[in-house]
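Down below is the structure, laid out as structure tokens.
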Amino acid sequence: MARRSNPRRPRWFVITVLLILGYFGSMIVSQGLYLSHVHEDQRLASERLAAAQAENDRLRAEKQRLGELPYIEKLAREELGMTGAGELPYAPGKRANGN
């Protein structure tokens with residue numbers, strides 16, 4: 001008389017296959033999450049690089065202009081309040097008689 005297994009009880013092979021499939025499924029999900037984080041980090045790094053390149057271009061242009069006399073005069077007038085020979089300084093909102 002052959003011994004029959006209970007059809008309600010899963011066999012060890014089925015359990016092993018399900019465990020293996022579960023393991024690989026979880027690995028696929030975790031790798032997908034990791035790749036999504038890597039892509040986000042790459043996107044943020046690209047944005048920072050673009051901003052740094054724009055700032056670098058702006059600073060190079062500023063450096064180039066600092067060698068030009070008209071730009072130096074403009075900066076001296078606007079940022080330092082300097083005047084040229086024979087010019088009177090202009091202070092907005094102040095009267096000439098001191099009132």
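Points to keep in mind about this one:
- Near residue 57, once Lys and Arg are set to +1 and Asp and Glu to -1 for all other residues with Cβ below 14 Å from its Cβ, the sum equals +2.
- Net +/- balance of residues flanking residue 74 in space, Cβ distance below 15 Å, scoring K and R +1, D and E -1: -4
- Farthest toward positive dipole pole in the range 12-80 [+1 Lys/Arg, -1 Asp/Glu at C-beta], among 37, 49, 21: 21
- In Hz, Karplus ³J(HN,Hα) per residue of the range 56-73 (6.51, -1.76, 1.60; θ = phi - 60°; x = Gly, Pro): 4, 4, 5, 5, 5, 5, 4, 4, 5, 5, 5, x, 9, 4, x, 6, 4, 4
Computed from the coordinates by the stated procedures, all read-outs in this text should not be read as laboratory data. The shown structure was predicted, so the numbers you read here are calculated from the model rather than taken from an experiment. Cβ atoms come from the backbone with ideal geometry, glycine included; neighbour counts cover every protein chain shown.
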